[in-house]
Amino acid sequence: MRYSEFGLTTLKEAPAEAEIASHRLMLRAGLIRRLASGLFTWMPLGLRVLRKVEAVVREEMNRAGALELLMPAVQPAELWQRTGRWDEYGPVLLRMFDRHQREFCFGPTHEEVITDVASRELRSYKQLPINYYQIQTKFRDEIRPRFGVMRSREFIMKDAYSFDLDRDGLEAAYQRMHAAYTAVFERLGIEFRVVDADSGEIGGSRSQEFHVLADAGEDAIAYCDEDAYASNVETAATRRPDGERAAAARPLEKISTPGTRSIDAVCEILGVTPEQTVKTLIVEGDGGPVALVLRGDHELNAIKAQKLSGVSTPLTMADAASVRAATGSEPGFAGPLGLDIPVYFDHATASMSDFVAGANETDMHLTGVNFGRDLETPETVDLRNVVAGDPTPGGNGTLDIVRGIEVGHIFQLGDKYSVSLGATVLDADGKERVLQMGCYGIGITRIVAAAIEQNHDDRGIVWPEPLAPFDLVLIPINLHRSDAVREAAERLYAELSALGFEVLYDDRDARPGVKFADAELIGVPHRLVVSERHLADDAFEYRHRRDDESRTVKRDTVLEILRESVIS
Ligand code: ATP
Ligand code: MG
């Protein structure tokens with residue numbers, strides 16, 4: 001590709017709304033352009049990268065035996081009503097009417113449509129196992145689109161759906177997708193981790209996420225290599241403390257703490273640390289409010305809390321009026337003593353003694369609170385987010401926490417959709433069996449941003465080779481003044497292109513500094529400079545995007561370097 005014909009415009013500065021490196025660099029390098037909130041155009045340079053991701057995903061899906069199809073992006077409401085998700089999905093679902101006033105949505109995912117397809121196409125166990133996939137545009141009206149294509153409203157997903165006769169079949173299909181995803185991310189040259197995950201709105205039992213590790217990630221991943229454990233913090237389990245609780249040493253006292261609605265304020269006035277306090281959160285429940293008690297420095301985990309019996313989903317904090325009714329005090333002074341509503345205690349509270357709690361009286365707290373003396377020793381549950389330093393659930397190691405970007409997600413759905421949409425087949429005995437289903441997503445567009453997040457420096461993108469829009473950038477010096485340079489550069493461009501390398505030939509009439517800066521911004525892995533200085537020796541200046549210095553190399557060496565890096 002000749003730069004002069006590629007229509008590429010790079011920017012010196014990124015627009016102010018770009019908060020993270022990948023978003024800034026994608027805009028500066030001209031990979032994407034914004035249309036409206038969460039909507040982006042993939043420009044020619046960006047599309048080259050996107051197509052590479054797609055190609056690797058497609059190859060690995062095909063290799064795993066999945067069959068590509070293409071479903072409509074627009075889906076009838078009626079299917080979503082049958083699975084109950086028309087109401088459950090809420091404002092994320094983009095809904096619309098056709099000219100006959102029939103209701104539709106723009107697909108945020110395709111479980112309904114594929115199960116409808118399966119219910120019509122699959123009649124006999126002999127057609128199983130089967131796994132259908134597509135690479136297609138989705139729309140989710142995200143509450144907070146941000147970070148460019150990392151969290152956009154319209155994005156491209158590879159979604160696959162497996163159908164099997166029984167749980168063993170599903171497990172095998174799931175493991176095949178696990179292996180295919182691992183192969184995809186290894187081939188793309190990005191560092192990733194597979195973590196246990198919540199199955200969320202899609203429902204079902206087992207699920208794992210593939211995360212690209214990067215500081216800008218929106219998810220927190222708890223892991224411990226020694227104990228072979230990795231989980232999204234959303235689902236990482238905490239352990240009940242093993243040791244004995246210290247004996248009560250202080251009397252129970254009620255102390256005036258005016259205006260202290262936060263743990264920090266209570267700590268300041270009482271001269272204690274958050275670890276010596278509990279916080280009592282009042283949330284909405286099916287039969288009235290429920291209290292959740294956590295150590296003061298711990299964070300409530302909404303996903304765990306809303307799985308507790310009696311707690312409403314989605315988790316909702318009780319309003320001030322309900323707090324007053326339940327505790328007899330203003331919000332901020334609730335405590336577990338003498339509460340007349342269901343109370344859940346987090347595991348970590350089990351080992352506390354002489355702690356501080358709200359007194360259920362406005363502007364008052366209790367100090368020296370002890371289980372077994374002031375209130376019954378409770379059964380405890382897992383209510384909080386794990387933190388770095390916590391023991392692993394197995395107890396054989398300590399958790400560390402890193403940030404991750406979810407690029408893939410695999411689920412065992414079981415029969416959730418097959419039951420509601422009537423997807424059954426006849427087994428070998430002629431008996432009707434409900435299909436066991438799995439679903440598997442990869443965020444194609446998000447991968448591009450995640451790869452940049454993990455691979456960039458202060459000069460620009462540093463593409464892993466398999467994702468690079470071009471293999472090599474060819475930069476002639478004084479192209480427009482030296483016939484010798486022009487001839488050599490043109491010849492090299494033709495030769496390398498004929499060998500199948502993707503070459504960006506910077507034939508602009510621009511200063512070398514401008515060309516170098518653009519090449520680094522765009523992140524092309526190999527750079528070759530043609531200048532009069534080395535022409536007599538049939539040599540060029542070569543530099544890899546990750547190198548600090550260039551070196552002079554002969555034509556044959558150039559070919560060797562390229563062959564090794566591009567073809568492998
Ligand atoms: P997230 O937790 O990031 O919102 P999700 O769990 O809702 O994602 P899935 O339903 O698992 O997403 O979709 C499969 C994949 O699609 C995700 O792993 C992610 O890579 C990608 N994806 C989901 N939402 C978006 C989005 N708004 N923008 C870009 N990619 C997305
Ligand atoms: Mg997910």
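The values are calculated or read from the model by the stated rules, or taken from the named source; none is laboratory data. In this text the structure is predicted, and so the values were computed from the model without any measurement. Cβ: placed from backbone, ideal geometry, glycine included. Neighbour counts: every protein chain shown. Ligands, DNA and RNA are excluded from the accessible area calculation, which covers all protein heavy atoms including side chains. Shrake-Rupley method; radii C 1.70, N 1.55, O 1.52, S 1.80 Å.
Side notes on the structure shown:
- Its relative contact order, with pairs defined as Cα atoms under 8 Å and 6+ residues apart, puts the range 153-243 at 20 percent.
- Protection-proxy order for peptides 546-556, 286-296, 443-453, each taking the mean of Cβ atoms within 10 Å per residue, highest first: 443-453, 286-296, 546-556
- Pairs exceeding 27 Å between alpha-carbon atoms, taken from 52/304; 304/431; 52/138; 254/279; 52/416: 52/304; 304/431; 52/416.
- Here's the picture: a label point sits 7 Å out from the Cα of residue 552 along the beta-carbon direction, and within the range 501-542 the residues with their amide nitrogen under 15 Å of it are 529-542.
- Full extension of the segment from residue 239 to residue 265, taken as 0.36 nm per residue of separation minus the current Cα-Cα distance, would add 6.5 nm.
- For the range 227-321, the fraction of 1.4 Å probe accessible surface lying on carbon and sulfur atoms is 50 percent.
- Full extension of the chain between residue 11 and residue 142 gives 44.4 nm of extra length, using 0.36 nm per residue less the Cα-Cα distance.
- Over the range 1-144, Cα pairs under 8 Å with separation of 6+ residues give a relative contact order of 20 percent.
- Shown here for the range 347-394: GluC sites (Glu not before Pro) in loop regions (DSSP other than H, G, I, E, B) with at most 14 other Cβ atoms within 10 Å, namely 376, 379.
- Dipole-positive endmost among 208, 317, 386 within the chain (Cβ charges, Cα centre): 208
- Contact order relative to length of the chain, as percent, for alpha carbon pairs under 8 angstrom and 6 or more apart: 17
- Helical segments meeting 20 Å axial Cα length and Kyte-Doolittle -1.0 threshold in the chain (DSSP H): 44-63, 167-188, 483-498
- Taking packing as the residue-averaged number of other Cβ atoms within 10 angstrom, the listed peptides 346-359, 46-59 run from highest to lowest as 346-359, 46-59.
- In a reduced charge model with +1 at each Lys and Arg Cβ and -1 at each Asp and Glu Cβ, the chain shows a dipole moment near 1420 debye about its Cα centre.
- Taken per residue, the accessible surface of the chain reaches 44 Å², heavy atoms only and a 1.4 Å probe.
- Spin-label model, residue 250/residue 168: points 7 Å from Cα along the beta carbon direction are separated by 6.1 nm.
- Label-to-label distance, nm, for residues given as residue 431 and residue 96 (7 Å Cα→Cβ offset): 4.6
- Look at the dipole of the chain built from charges on Cβ: of 274, 500, 110, the Cα furthest out on the positive end belongs to 500.
- Distant-in-sequence amide contacts of residue 362, defined by a placed amide H-H separation under 5 Å and a gap of 5 or more residues or a different chain, comprise 330.
- Residues whose amide H falls under 5 Å from that of residue 530, counting only those 5 or more places apart or on a different chain, are 475, 477, with hydrogens built in the peptide plane.
- Antiparallel DSSP beta bridges within the range 425-568, as percent of all bridges there, nearest 5: 60
- Protection proxy ranking for 161-170, 244-253, using the average of other Cβ atoms within 10 Å per residue and placing the highest first: 161-170, 244-253.
- Positive-pole candidate from 231, 369, 73, dipole of the chain, charges at beta carbon: 73
- Built amide H within the under 5 Å cut-off of residue 43, gap 5+: 32, 33
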